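Only one structure is covered here, and it is reproduced in the block below.
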Amino acid sequence: MSKTFYIETFGCQMNAHDSEKVIGTLEQQGYARVQDEDAAGLILYNTCSIRDKAEQKVFHRLNEYKKLQGEGKKFAVLGCVAQQEGEKIFEKAPYVSMVAGSASYRNLPEMLRRLEAGEERITGLDDRQTDLTFETEFTVRSNPHRGYITIIEGCDKFCAYCVVPYTRGKERSRTAASVLVEAKKMVDLGFTEIQFLGQNVNSYRDPSGRMSFAELLVAVGELPGIRRVRFTTSHPRDFTRDIVQAIDDTPTLCDHIHLPVQSGSTAVLKAMSREYTREWYLERMSWIKEAKRDISITSDMIVGFPGETDADFEETITLVGEVKYDAVFAFKFSPRPNTPAVTMADSIPDEVKSERLRILMDRQREIQREHYGRHLGEVQEVMVESYNSSRNQVVGRSSQNKTVNFTVSRIGTQIVQAQPPIGSYLPVRITQTLPNCLVGEATADADAVPFVPIQRVSDFVVLN
Ligand code: SAM
Ligand code: SF4
């Protein structure tokens, strides 16, 4: 087998970052990455099974790989579908040689050696047995400015609709010391933004007992050179007030909290086993709204959970109006294998789910149209991400994680057409607000325009 590999990744940010770690491990084992499956000796497919007909899609894709099997290539299926379907994958796609869930990636070097030795059915299906995390110093990072750090893996919450506890194993946190070492290394490499990842990032428990989640956020936020720290996803049950305090006290912590509610109805939340009520959730919203900083709040919602009545759905709509989210990621309930919700009575017809989804998204769009208006005239710090040459605009992201499209046409008295470097931070005055983004113009005088990344938020002076 040639030591070249091609990897395809589906799903959430956790999966994308798992792939970064897998790529780093493969490269460390002497493999070279190629961008074309025809050129690869090993083809890896990192799968997601959170919604829809994920399993069918995987088998469909594997079927397409079939034609390549005669060329001596090897195939590996990773991620949630691998964990969920296990050895069934070998039966349905006999040309696959390796099936591994994310809880077993730390054994990848050994699994690769067995693959190279010609073994034909290698499994890494640790399920909920392991207490270990996938720590690797060889992580490859696809974005040179924003780097991801997994601080907690797996999940022990067992929400009635969700496959994650079965596919990603039990909840296990990394030590604060190892997270800080990784963060420092990233700063040395020039990263200015760090994002903590975990299915429930705020359920973090330092195994050494040294730091709480909020303290870890502050410790990373205070590393010299760090400008932005984000974290996703938080769970309402473990959301503590010190997180809001940490954001208020530490300018490098981004003013954005993603706190998925899933439903506005306490009855539905109970059926979902979310372990909180509407009132509990709204109390956490009030903590965030009482903060000194304007902290943006976003959420995930599921419509059409079994038994959700019109009145329950109406409670979701009123909750959205009460909270005034800056973004909502809404999904139709999708029955997932092995989860309790699959066998629940009172399933909701697909047309009703679609209609509820439409109503929710329309309502949320109205809210965003109105609520984004609060930013008009503000000067926000924006990190440059790309350019839109057709519109002659720079595309960036605010601390609140909003997309900001802006022009750089005037610096002091000078008229310029500038493309500031990707990864640099600029002050931008917001001149227009749309439901999904902000529009503005870079604003500063000639001496102050920081067209190269500058070191600390506290050094950031908005002139004008
Ligand atoms: N741990 C996070 C939490 O508890 O909110 C969410 C992680 S999950 C990977 C991302 C989102 O997918 C969930 O917030 C939920 O809205 C959605 N989701 C998960 N399972 C689903 C299902 N069976 N049907 C529809 N949406 C689902
Ligand atoms: Fe899934 Fe619930 Fe765990 Fe989130 S908390 S990953 S929704 S089981």
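The values are calculated or read from the model by the stated rules, or taken from the named source; none is laboratory data. Keep in mind that this is a model prediction, so the values were computed, not measured. All Cβ positions, even for glycine, are placed from backbone atoms using ideal geometry, and neighbour counts span all protein chains on display. Ligands, DNA and RNA are excluded from the accessible area calculation, which covers all protein heavy atoms including side chains. Shrake-Rupley method; radii C 1.70, N 1.55, O 1.52, S 1.80 Å.
Counting only residues that are under 24 Å from Arg274 (Cα atoms) and either crowded, with 21+ Cβ neighbours inside 10 Å or small (Gly, Ala, Ser) (or both), which one in the stretch 114-158 is nearest to ligand 1 (Cβ to nearest atom)? The qualifying residue nearest to ligand 1 (Cβ to nearest atom) is Cys155. Taking the criterion of being among the aliphatic types (A, V, I, L, M), surrounded by 23 or more Cβ atoms within 10 Å (Cβ to Cβ) and over 16 Å from Asn143 (Cβ atoms), the residues of the stretch 179-234 that qualify are Val179, Val201, Leu216, Leu217, Val220. When we screen Ala76, Ala82 for residues that are modelled with pLDDT of 95 or more, of a type outside the set (Lys, Arg) and closer than 17 Å to Asn338 by Cβ, the only hit is Ala82. Return the pair list, or none, for Cβ contacts closer than 6 Å from residues in the stretch 12-38 that are more than 16 Å from ligand 2 (Cβ to nearest atom) to residues that are open to solvent by 60 Å² or more (accessible area, probe 1.4 Å) and of a type in the set (Phe, Trp, Tyr), at least 6 apart or on different chains. From residues that are more than 16 Å from ligand 2 (Cβ to nearest atom), the pairs are Gly24/Phe138; Thr25/Phe138; Gln28/Phe138. If the condition is being touching a Cys at 6+ places or on another chain (Cβ under 9 Å), part of a loop (DSSP other than H, G, I, E, B) and either of a type in the set (A, V, I, L, M, F, W, C) or closer than 17 Å to Ala219 by Cβ (or both), then the stretch 147-190 contributes Cys155, Cys162, Val163. The set of residues in the stretch 433-450 being within 28 Å of the chain's Cα centre (by Cα) and either modelled with pLDDT under 65 or within 10 Å of Tyr372 (Cβ to Cβ) (or both) consists of Thr433, Leu434, Pro435, Asn436, Cys437, Leu438. Being surrounded by 15 or more Cβ atoms within 10 Å (Cβ to Cβ) and within 28 Å of Arg146 (Cβ to Cβ) is a property that holds for Gly24. Summed over the stretch 127-175, residues that are within 16 Å of ligand 2 (Cβ to nearest atom) and within 24 Å of Gly190 (Cβ to Cβ) total 2. Taking the criterion of being surrounded by fewer than 21 Cβ atoms within 10 Å (Cβ to Cβ) and under 23 Å from the mean Cα position of the chain (by Cα), the residues of the stretch 298-318 that qualify are Thr298, Asp300.
Screening the stretch 289-313 for residues that are of a type in the set (A, V, I, L, M, F, W, C) and more than 16 Å from ligand 1 (Cβ to nearest atom) and picking the one that is nearest to Asp249 (Cα to Cα) gives Ala291. Contact map, the stretch 332-352: residues that are over 13 Å from Ile302 (Cα atoms) and open to solvent by less than 70 Å² (accessible area, probe 1.4 Å) paired with residues that are more than 15 Å from ligand 2 (Cβ to nearest atom) and at pLDDT below 95, Cβ distance under 9 Å, separation 6+ or inter-chain. Pairs shown: Pro337/Glu55; Pro337/Glu85. Restricting the first member to the stretch 112-124 and to residues that are in contact (Cβ under 8 Å) with a residue 24 or more places away in the chain, and the second to residues that are assigned to a loop (DSSP other than H, G, I, E, B) and not hydroxyl-bearing (Ser, Thr, Tyr), the beta-carbon pairs closer than 8 Å and six or more apart or on different chains are Leu112/Gln29; Leu115/Met1; Glu116/Met1; Arg121/Glu87; Thr123/Gly86; Thr123/Glu87; Gly124/Gly101. A Cβ distance below 6 Å, combined with a sequence gap of six or more or placement on separate chains, defines the contacts here; from the stretch 292-318, residues that are over 18 Å from His256 (Cα atoms) and at pLDDT 95 or above reach residues that are part of a strand (DSSP E or B) and aromatic (Phe, Trp, Tyr) in the pairs Ile302/Phe331.
Condition check: in a helix (DSSP H, G or I) and open to solvent by less than 40 Å² (accessible area, probe 1.4 Å). Does Gln380 satisfy that? When the stated conditions are applied, Gln380 does not pass them. Among the residues of the stretch 226-256, those that are touching a Phe, Trp or Tyr at 6+ places or on another chain (Cβ under 8 Å) and in a strand (DSSP E or B) comprise Val229, Arg230, Phe231, Thr232. The lone criterion from (1) farther than 26 Å from Ile152 by Cα; (2) open to solvent by 10 Å² or more (accessible area, probe 1.4 Å) left unmet by Pro109 is number (1). Restricting attention to the stretch 89-116, report how many residues are over 29 Å from the mean Cα position of the chain (by Cα) and of a type outside the set (A, V, I, L, M, F, W, C). Count: 8. Taking the criterion of being in contact with a Leu (Cβ under 6 Å, 6 or more places away or on another chain) and either on the phi < 0 side of the Ramachandran plot or within 16 Å of ligand 2 (Cβ to nearest atom) (or both), would at least one residue in the stretch 347-362 satisfy it? Scanning the stretch 347-362 turns up no residue that is in contact with a Leu (Cβ under 6 Å, 6 or more places away or on another chain) and either on the phi < 0 side of the Ramachandran plot or within 16 Å of ligand 2 (Cβ to nearest atom) (or both). Open to solvent by 10 Å² or more (accessible area, probe 1.4 Å) and either within 19 Å of Asn338 (Cβ to Cβ) or within 16 Å of ligand 2 (Cβ to nearest atom) (or both), is that true of Arg51? Yes, satisfied. Among helices (runs of 4 or more DSSP H) entirely within the stretch 1-97, having at least 1 residues that are within 27 Å of Phe196 (Cα to Cα) singles out 13-28, 54-65, 79-85.
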